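Remarks on the structure that follows.
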Amino acid sequence: MAKTFIENIAQKLRIIPDLDREHASGSLQPLRKFPSADEWHNFTELDANAWPLRLERNYSLVPTTCFNCESACGLLAYVDKDNGEVAKFEGNPHHPGSRGRNCAKGPATINQIHDTERIMHPLRRTGKRGEGGWEQISWDEALDEIAAKIRSSLKRGGVDKVVYHVGRPGHEGYANRVLKAWGVDGHNSHTNICSAGARTGYSLWQKHDRPSPDHTNAKVILLTSSHLETGHYFNPHAQRILEGMMEGAKLIVIDPRLSNTAAMADHWLPTWPGGETALFLAWAKMIIERGLFDREFMETQVNWDSWMRAVHPNEPCEFERFIELLGEEYAEYTPEFAAAECRIPVEQVIEVGEVVANAGTQLCTHVWRSAAIGNLGGWQVSRSLHFLNVLTGSVGTVGGTSPNSWSKFKPSLFDVPPDPDGWNELHFPPEYTLSHYEMSHILPHLIKDGRGTMDVYFTRVFNPVWTYPDGFSWIEMLENEEAVGCHIALTPTWNETAFFADYVLPMGHASERHDVNSYATSSGKWVAFRQPVLREYARRQGREVEFTHEVNPGQVWEEDEFWIELSWRIDDGTMGIREHFMSPYREGEKITVDEYYQYLFERVPGLPEAAEKEGTNALGYMRQHGAFLIEEATYEKHKSEGWPTPSGKQEFYSETMIEFGYPEHSIPHYRQKSHVHPENLSGEDEYCLLPNFRLPQHIHSRSANAKWLVEIAHRNPIWIHPKDARKLGVAEGDLLKIETEIGWFVDKVWVTEGIKPGVVGCSHHIGRWRRKQDRGNRFLTNTVAIEDQGNGKMRMKTVSGVEPWKSDDPDTNRIWWRDGGVHQNITHAVQPDPISGAHCWLQKVRLSRPGPGEDYGDIEVDREKSFEYYKRWNEWAKDRETHPRGERRPLWMKRPLSPKKEHWYIQD
Ligand code: SF4
């Protein structure tokens, strides 16, 4: 581009560098995307902040992986050799999933590690739990005290009293191995507020419970999600969706909200929440009627014959007859029916149906959270969506959708302790026979219901008080020392749940910890290494480090080493725990974290050979590159591996559903209408609140200390369609009171055509809070006062919004925003789907102007109502409770951390 007159003068006066002359002299380096690998230990670049001075900075570049969402994209930490500190993060081009690219949250890791309010030392509470008093203790004190509590619990013989509840996972079997070594059925997760609905639908078909779309090679990309901006694997997926689109793939997005992804789509279908199942079945009918199904795949890979024998025993068990009967079975799903259920034009159902029906084996589909975790019966959404892949034969194909487990590496661990000898009914209550993961969102309600207690409860990078529905019930549970004997928060940042802990133990961010990652981000299979970068830098400098906290800021540690040390101290020499933490390389000695990963990486197919070519070993290779591609492509594995279902086929017909008391769901259908279906709303005065969408800049509750991210996004107004705004007489910025089943909150209005009439939206990333006595996250937290009004009624009032403060970081005093948003989740009732167990996030709400004394950000919740409401939903599961052959749940279905097989049966 030609320079301006001013630029020419400035260049001549040497106010800015004379790039023309430098270019002519050849002193300018050609532009490169990334430093080449041979420079990583010794890379020099100009300091951008020193401009116009040409100040050189020397770096050692150390790879790790991002810890800010599940994608585990590659990062390169730039360690400044002058001061030994991490100066910035960029993408790691050697990572096969992210290929050098990141979303905003990756580089913002630098904000998190330099957060002036981060937790630097182990803390123990003083005063009553939840009061906010803390004292600094040493790691030795923390380990000894916690070990004593666990030892005492284990010696009393409980297998369900020590619990590890994980928010952000990503350590591939590490913690489960530890729990097994302790002999406890103690794994709990966040999955039932996240992916359990979708997982159930996929699992019924193929046991593999997640999809892995091959977007790059697709002809049609069908998203019931917003993967160009958020969602699991979204950065790795987004880049591949765009590649597919650049090659001509059509993008179809189904979402009641005009997300950034929907805005990029060829077809946006703003469906009424829950209607998606009807839509997919209408498209299935189109494929069947027009004979556009993949006969070979259907005939050989699907258990159609089981359905014929069971449901049509008098018919010939022939594929042609099956197709005829299939057409009759789905005749009810006309385009008109789907259009009415979804409240979209019938022409759109047909037009987009044509695109889907003609995609052939290059149909990429995905549903993540959204409809599958929103609605009662949301699991039907993924089941009917996958039906489209089955019909078109686009399962496991180039450009199609594969099971995620084909692309996920499972590590070999150095030691496998026996399965736990018992069953934790707080995690898998008997009435939720098909719940895909632990019933974590009703944990406080189960405890209140007298169904168990916990001696020691670890929350790991997990913030249910804020992230989960009905947070006041979590506070009630955590404040009750009879219910939770000891609560230990393992967390890199302060959060609302840590306020109610006995110990707060600081764990590292992405560059301060070890983990191994592998995710189905594309059609290949890779493994990546999250490593504490200053430890690797120290190694490169020839310095020995025993524990990661020696190189991290303050006393920040990591779980891997913490678990080894804790396990060692639990065992008084009589418990058989230490034997599971012995070095595989040094007889009779405790394993080190380096040995753990050495053993693991030595067993990654192809990695030792690749390492040898570079003159190093497997661990050395991963320290240097950060990731390794195990398989280029993982298509059509069913041809060698088959399907791990009871029939060995893709299960169109599920005997499991019949046996476990749900015969109406034996094949994909739309037999369960959502709790927010218009028939279940009280006329037009009741709305559907869509609370389960992410903002691209935020993680659920770990980005409030990332100043760059918060500056971009810090409010969560109510999205409302102009028609509804007119009806309610509200305009942009007005206050609205949103009444849920158990309480209400007051938020501001954003009037937009980007939301379906009758539906209101509110992102659940914003509305973080702390009380006067609490610490942390001041970029995004309102200061609140919580008042117990008696009879179960809790009130939260915003005392002040976000404010600047003085610290070592001048930016904290430059904060210009004041609005920290509104915490809505805490006003949501728990709504456990009786089949998948998933929380149904969508809420029935009433909207009105706030009354006197009801101000922006105010919240009220009735805990008694919330318990009654839980009971009502819980009854639906109890009504159908069926245990064929005494099985607690189908033996073939997945369960994380499976106990011994005999415990899979209900005991007398
Ligand atoms: S997509 Fe996730 S893992 Fe990748 S950079 Fe963003 S936050 Fe990090």
- request: Using every pair of alpha-carbon atoms in the range 135-175, split the distances into 5 Å bins beginning at 0 and state the percent of pairs per bin, rounded to integers.
  value: 5, 18, 17, 18, 24, 16, 2
- request: Rank these residues by their accessible area, most exposed first, probe 1.4 Å: Phe693, Phe5.
  value: Phe5, Phe693
- request: Compute the accessible area per residue over the range 460-546, keeping the other protein chains in place, probe 1.4 Å, unit Å².
  value: 19 Å²
field: Most positive-pole-ward Cα, Pro417, Ile252, Cys762, against dipole of the chain from beta carbon charges
entry: Cys762
message: Just to verify a number: what accessible area does Ile630 come out at with the full protein assembly present, 1.4 Å probe, Å² rounded to tens?
response: 30 Å²
- line: About its Cα centre, the range 640-778 carries a charge dipole, from +1 on Lys and Arg Cβ atoms and -1 on Asp and Glu Cβ atoms, whose size in debye to the nearest 20 is 1080 debye
- line: Note to self: C-alpha centroids of the range 144-174 and the range 541-577 sit apart, in Å, by 16 Å
Peptides 547-559, 529-541 ordered by average Cβ neighbours within 10 Å, highest first: 529-541, 547-559
message: Less than 13 Å Cβ to Cβ from Gly450, Lys/Arg counted +1 and Asp/Glu -1: what total charge do the surrounding residues give?
response: 0
message: Per residue, how large is the accessible surface of the range 607-711? Use a 1.4 angstrom probe and give square angstrom.
response: 40 Å²
query: Which value, in Å² rounded to 10, gives the accessible area of Arg57 with a 1.4 Å probe and all protein chains present?
result: 60 Å²
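Could you state the accessible area per residue of the range 765-907 in Å², with a 1.4 Å probe and every protein chain left in place? Don't jump to the answer; show the numbers that get you there.
On the way: 5910 Å² over 143 residues.
Accessible surface, normalised per residue, equals 41 Å².
So what is the relative contact order for the range 821-908, in percent, with contacts set as C-alpha pairs under 8 Å and at least six apart?
30 percent
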Of all accessible heavy-atom area on the chain, the percent that carbon and sulfur account for (1.4 Å): 48 percent
field: Percent breakdown of C-alpha pair distances by 10 Å bin, ordered from the shortest bin, for the range 389-517
entry: 10, 27, 29, 23, 9, 1
Extreme residue, positive dipole direction of the chain, given options Gly396, Val551, Gly201 (C-beta unit charges): Val551
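Of Met507, Met120, which has the most accessible area with a 1.4 Å probe, and how do the rest follow in descending order?
Met120, Met507
Please report the antiparallel percentage of DSSP beta bridges with both residues in the chain, rounded to the nearest 5.
Here the antiparallel bridges make up roughly 60 percent for the chain.
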query: List the GluC sites (Glu not before Pro) in the range 205-308 that DSSP assigns to loop (not H, G, I, E or B) and whose Cβ has at most 10 other Cβ atoms within 10 Å. Which are they?
result: none
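Give me the orientation-averaged projected area of the Cα convex hull of the range 860-908, in nm², one decimal. Intermediate values should be presented prior to the final figure.
Working: hull surface 22.3 nm².
Its Cα hull, projected and averaged over all orientations, spans 5.6 nm².
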task: Quick one: dipole size for the chain, taken about the Cα centre, charges +1 on Lys/Arg Cβ and -1 on Asp/Glu Cβ, in debye to the nearest 20.
output: 1180 debye
query: What are the GluC sites (Glu not before Pro) within the range 681-776 that DSSP puts in a loop, where the Cβ has at most 16 other Cβ atoms within 10 Å?
result: Glu732, Glu753
message: With unit charges on the beta carbons (Lys and Arg positive, Asp and Glu negative) and the dipole taken about the Cα centre of the range 94-141, which residue among Thr116, His94, Gly132 sits farthest to the positive side?
response: His94
- request: Run the 1.4 Å probe and let me know the accessible area of Lys250, rounded to the nearest 10 Å².
  value: 90 Å²
message: Suppose we keep just the alpha-carbon trace of the chain; what are its Rg and Dmax in angstrom?
response: 27.6, 94
field: Computed over the chain: relative contact order in percent, which uses C-alpha pairs under 8 Å that are six or more apart
entry: 17 percent
- prompt: Taking Cα centroids, how far is the range 714-779 from the range 296-327 in Å?
  reply: 50 Å
message: Ignoring everything except DSSP H segments at least 4 long, calculate the 222 nm mean residue ellipticity for the chain; use -39,500 (n - 2.57) per segment, divide by total residues, nearest 500.
response: -8000 deg cm²/dmol
- request: Quick one: check the C-alpha center-to-center distance for the range 270-289 versus the range 429-495, whole angstrom.
  value: 37 Å
- prompt: Hey, can you rank 107-117, 251-261, 833-843, 569-579 by average C-beta count inside 10 Å, highest first?
  reply: 833-843, 251-261, 107-117, 569-579
- request: Go through Ser405, Ser511 and list them by solvent-accessible area, largest first, probe radius 1.4 Å.
  value: Ser405, Ser511
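The values are calculated or read from the model by the stated rules, or taken from the named source; none is laboratory data. The shown structure was predicted, so the numbers you read here are calculated from the model rather than taken from an experiment. No Cβ is skipped: glycine too gets one built from the backbone with ideal geometry, and neighbour counts run over all protein chains shown. The area values use the complete protein model at the heavy-atom level, side chains included, leaving out ligands, DNA and RNA. Shrake-Rupley method; radii C 1.70, N 1.55, O 1.52, S 1.80 Å.
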